[in-house]
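I have placed the structure first, in the form of structure tokens, so that the comments after it can refer back to it.
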Amino acid sequence: MTSIMAAKVKAKRVAQLIAHGKRLDGRELYSHREVQIESGLIERAEGSARVRLGKTEVLVGVKIEMGEPFSDTPNEGVLTVNAELVPLASPTFEAGPPDENSIELARVVDRGIRESKAIATDDLVIEPGKKVFVVFIDVYVLNHDGNLIDASALGALAALVNTKMFNYEVKEGEVKIKPGYKPLPLKNHPVAVTFAKINGQLIVDPWLEEEQVMDARLTMAFEKDGKLCAMQKGGYGTFTMQQVLEAAKIGQQKAAELRALVVKE
Amino acid sequence: MSQKKPEKLIDENDIRYDGRKLNELRAVKIEVGVLGNADGSAYIEQGKNRILAAVYGPREIHPKHQALPDRAALRCRYHMAPFSVQERKSPAPSRRELEISKVMREALEPSVFTEYYPRTAIDLFVEVLQADGGTRCAGITVASLALADAGIPMRDLVSACAAGKVEGRLVLDLNDVEDKSSDGADMPIAYMPNLNAVTLLQMDGMLTSEEFEQVLNMGIEGCRQIGQIQKEALKARYTAVKEAAAEKEEETEEEAGEE
Amino acid sequence: MPIFHEKRQLVTPGDLLAENDYISGENTYKENGKIYATRIGLFNHDQKRVFVVALKSFYVPMVGDTVIGKVLEVTLGGWIVDIRAPYVAMLRASDALERPVRPQKDDLPALFDVGDMMIAKIVAYDRTRDPLLTVLERGLGKVTRGQMIEITPTKIPRVIGKAGSMITMIKNETGCQIAIGQNGRIAIMGKTPEDERSAIMAIRMVEQEAHTSGLTDRVTEMLRKEKSEKSKEVVEYVSKET
């Protein structure tokens, strides 16, 4: 019943507070909301995790199937990320084929995982050129309260950490499943950190009210050694070069904090 | 993860392979009011089923031509997550999902006072996060609670349960493996317990008239049990608020007494 | 003349409340001589009527109600306004300007633009059309500053209090101007954001503990504690400086 559009009065209030280094929900400028992670809740899936970032809630499932490799990469397995902005998550989501927002979300999450080489796709080959494992990562947004990217990326990482593959052997061209499971070989742990720019000021982890008044957003993904592995700027506003560098510095630290919640060293 | 299919689904002592008796429901857990944005919501775990329902409305209807002049249009979308089933399912709606969306809507419509809100839409979304047979029934059970949680006036809660035949014996609440067994029958039922009204009835398989009557009775009894669980879950959601307030009242009374 | 529940007992939709000679009141319906609940809530009755105090419901427009709305669209003749109800409301230009409207000359967005909040009154509403608003009375008009919160509409009477006792106390303790919409929206305009936050805390406290007694005293105590803690901080800060 309620429209999600931010009232002008609220937009002014948000901008005013931020100019004084405060946010409407009492957070520091560079603080994430409270994070809750639960893994393995969907046993049908090879791996799964649910992330709550404040009130934003995302469920990620990993399914591993056998399939054919792409013709240009015959000796590599396949990784594919899909995101669903299902209507129950927000009055602004409509049922139907993925729109540009769900496609962008999927591709940004994909970029972090792919570019950091988190999943060694040459480990996923069963029969070179003929049969490989296809890793499906499905991001399911259950409640949208801002910053779907960070929640989804963290959920994808947690789901991958949780993922188990069945044991198998290839006999006479046929794949025979053996008893037992082994964890999916993960070589890296990418984490995304999203900044929003409001009134010239950068903040981390915008929630819905802030997203509605922000000029633009900048997402940066970091792999486990602190290197940048993906970036995405969104929205109609702009960032100065200094802001981009500042975001990279802060983001690296924030990514390490988030990563520690999923991966115990 | 793959499932091992057992040799026999029911043994000589009439115990099912998952340990249940013939007329026993799977373990059910329900939570009401789980989503922040939806006007009403509820979540159910029934055996391995994990299903989420949410309601938005009554709200303005888009597209306008779907508006009804004398009541709210109840719209329902049943959808399965790609990771909810054994073999990953494409997110695009299948014919099965479209049919289930329709029968679910028809199962819930009789319970809602749509005539109070003409020209609006009441939008119901049911997402199956993990499936193990009987998802349309569990979906109706939890959708009905989502409607109540949204404060939409209703004639009764709708409780749903399936009954049928497996390996020659009449059983309650079939799971996926039992449902897929050959020579059986599966009959999903939705029922408004206080009004003795059946709002959904479907069947796959073959039953004699005697078997049918027995299965129907078993199913309706299952619906009643589900109805009890629904009521408890709904009350639990609102008792928490009431109790928190009552506790505060006690605290301050004590303080006042001490002075 | 059977009644099936005790007063203040929690009932759910479809629960049988009474039979035969009672009249079905709020949040109930009668069929074949039996009265059932339509919403989850607390059961109650008097000599004649059986009714349920709903714990969860939404706002349905009523003529004469003051509501707080958000402009969704500016049209040729006025504005489409979200009032947090199943229906959007219309504010015609003639109900916003004190003189006749001149379509060519009058700049409607200057008066209310998309996203603006307003305090308005419902002047007309029936089953065949969306509610109509006016802002031409005293106390109505655009909200230009402060914060807005939303609470369950059923709790609004508690926030107002008997003869306005609760809301008057909150206004006095926080020094804020507060406009209450029957649709569950409340506009709070204070001298500082901290004052506004105190008022919001007080209102949320009323919303949570609406069913209890002695609430006005407890809220007053909470607000006074807040104020004294804040002035302590100021004193410490000042003494650090000097």
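The values are calculated or read from the model by the stated rules, or taken from the named source; none is laboratory data. What you see is a predicted model, and the numbers here were worked out from it, not measured in a lab. Every residue, glycine as well, gets a Cβ built from its backbone with ideal geometry; the counts of neighbours run over all protein chains shown.
A quick yes/no check of all residues on (1) in contact (Cβ under 8 Å) with a residue 40 or more places away in the chain; (2) of a type in the set (D, E, K, R); (3) surrounded by fewer than 19 Cβ atoms within 10 Å (Cβ to Cβ); (4) part of a helix (DSSP H, G or I):
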{"residue": "B:78", "(1), (2), (3), (4)": "yes, no, no, no"}
{"residue": "B:90", "(1), (2), (3), (4)": "no, no, yes, no"}
{"residue": "B:93", "(1), (2), (3), (4)": "no, no, yes, no"}
{"residue": "B:98", "(1), (2), (3), (4)": "no, no, yes, yes"}
{"residue": "B:101", "(1), (2), (3), (4)": "no, no, no, yes"}
{"residue": "B:107", "(1), (2), (3), (4)": "yes, no, no, yes"}
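The rows are residues; the columns are (1) farther than 18 Å from residue B:221 by Cα; (2) at pLDDT below 95.
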residue: B:126; (1), (2): yes, no
residue: B:137; (1), (2): no, no
residue: B:140; (1), (2): no, no
residue: B:153; (1), (2): yes, no
residue: B:162; (1), (2): no, no
residue: B:173; (1), (2): no, no
residue: B:180; (1), (2): yes, yes
Single condition residue A:160 does not satisfy, out of (1) buried (at least 24 other Cβ atoms within 10 Å of the Cβ); (2) farther than 15 Å from residue A:46 by Cβ; (3) of a type in the set (A, V, I, L, M, F, W, C)
(2)
Restricting attention to region C:170-180, which residues are under 20 Å from residue C:119 (Cα atoms), surrounded by 18 or more Cβ atoms within 10 Å (Cβ to Cβ) and touching a helix residue (DSSP H, G or I) at 6+ places or on another chain (Cβ under 8 Å)?
C:170, C:176, C:178, C:180
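For (1) farther than 14 Å from residue C:149 by Cβ; (2) at pLDDT 80 or above; (3) in contact with a helix residue (DSSP H, G or I) (Cβ under 9 Å, 6 or more places away or on another chain); (4) not aromatic (Phe, Trp, Tyr), each residue gets a yes or a no:
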residue	(1), (2), (3), (4)
C:182	yes, yes, yes, yes
C:186	no, yes, yes, yes
C:206	no, yes, yes, yes
C:216	yes, yes, yes, yes
C:236	yes, no, no, yes
C:239	yes, no, no, yes
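Quick one: in region C:181-192, of everything that is touching a residue at least 40 places away in the same chain (Cβ under 8 Å) and over 14 Å from the mean Cα position of the chain (by Cα), which residue is surrounded by the fewest Cβ atoms within 10 Å (Cβ to Cβ)?
Looking only at region C:181-192, we keep the residues that are touching a residue at least 40 places away in the same chain (Cβ under 8 Å), and these are C:181-190.
Those still in the list that are over 14 Å from the mean Cα position of the chain (by Cα) too: C:189-190.
Details: C:189: 18, C:190: 21.
Result: C:189.
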Would a scan of region A:160-170 turn up a residue that is touching an Asp or Glu at 6+ places or on another chain (Cβ under 9 Å), more than 14 Å from chain B (Cβ to nearest Cβ) and among the polar types (S, T, N, Q)?
no
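Show me the strands (runs of 3 or more DSSP E) found entirely inside region A:1-87 where at least 1 residues are surrounded by fewer than 19 Cβ atoms within 10 Å (Cβ to Cβ).
Working: elements: A:35-39, A:47-53, A:56-67, A:78-85.
Those strands (runs of 3 or more DSSP E) span A:35-39, A:56-67, A:78-85.
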Tell me whether region C:27-34 contains one or more residues that are aromatic (Phe, Trp, Tyr) and either touching a Leu at 6+ places or on another chain (Cβ under 9 Å) or in the same structural domain as residue C:154 (by TED's automatic domain parsing) (or both).
no
When you go through (1) free of Cβ contacts under 8 Å to residues at least 60 places away in the same chain; (2) under 24 Å from residue A:132 (Cα atoms) one by one for residue A:36, which number turns out not to apply?
(2)
Considering each residue of region B:148-166, count those that are within 14 Å of chain C (Cβ to nearest Cβ) and basic (Lys, Arg), and give that number.
1
Just for region B:41-68: of the residues that are among the basic types (Lys, Arg) and surrounded by fewer than 24 Cβ atoms within 10 Å (Cβ to Cβ), which one is nearest to the other protein chains (Cβ to nearest Cβ)?
B:59
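Looking for whichever is modelled with pLDDT under 95, farther than 21 Å from residue A:57 by Cα and crowded, with 19+ Cβ neighbours inside 10 Å here; the options are A:174, A:223, A:211. Which one fits?
Values: A:174 fails: crowded, with 19+ Cβ neighbours inside 10 Å; A:211 fails: farther than 21 Å from residue A:57 by Cα.
A:223 is the lone residue from the list that is modelled with pLDDT under 95, farther than 21 Å from residue A:57 by Cα and crowded, with 19+ Cβ neighbours inside 10 Å.
Answer yes or no as to whether residue C:163 is away from chain A (no Cβ under 14 Å) and of a type outside the set (D, E, K, R).
Values: away from chain A (no Cβ under 14 Å): yes; of a type outside the set (D, E, K, R): yes.
Yes; evaluated as a whole, the condition is true for this residue.
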Need at least 2 residues that are touching a residue at least 40 places away in the same chain (Cβ under 8 Å) and of a type outside the set (Ser, Thr, Tyr) per element, so show me which strands (runs of 3 or more DSSP E) inside region C:61-158 make the cut, counting only ones lying wholly within it.
C:66-74, C:89-92, C:117-126, C:129-134, C:147-150
Determine whether region A:110-129 contains at least one residue that is crowded, with 23+ Cβ neighbours inside 10 Å, within 12 Å of chain B (Cβ to nearest Cβ) and closer than 27 Å to residue A:261 by Cβ.
no
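Could you pull out the residue among C:96, C:18 that is under 23 Å from residue C:184 (Cα atoms), at pLDDT below 95 and not charged (D, E, K, R)?
C:96 is the lone residue from the list that is under 23 Å from residue C:184 (Cα atoms), at pLDDT below 95 and not charged (D, E, K, R).
Select from region C:47-61 the residues that are surrounded by fewer than 19 Cβ atoms within 10 Å (Cβ to Cβ) and either under 16 Å from residue C:118 (Cα atoms) or within 14 Å of chain B (Cβ to nearest Cβ) (or both) and list them in ascending order.
As a first pass, look at region C:47-61 and keep what is surrounded by fewer than 19 Cβ atoms within 10 Å (Cβ to Cβ): C:47-49, C:53, C:60.
Scanning region C:47-61 gives C:53, C:60.
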Exactly one of C:200, C:178, C:149 is within 14 Å of residue C:219 (Cβ to Cβ) and within 12 Å of another protein chain (Cβ to nearest Cβ), and that one is C:200
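Table: residues versus (1) more than 8 Å from every other protein chain (Cβ to nearest Cβ); (2) of a type in the set (D, E, K, R); (3) under 19 Å from residue B:26 (Cα atoms); (4) buried (at least 24 other Cβ atoms within 10 Å of the Cβ).
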site	(1), (2), (3), (4)
B:115	yes, yes, no, no
B:122	yes, no, no, yes
B:131	no, no, yes, no
B:134	yes, no, yes, yes
B:142	yes, no, yes, yes
B:146	yes, no, no, yes
Every residue in region B:21-40 that is surrounded by fewer than 16 Cβ atoms within 10 Å (Cβ to Cβ), away from chain A (no Cβ under 14 Å) and part of a strand (DSSP E or B), please.
B:21
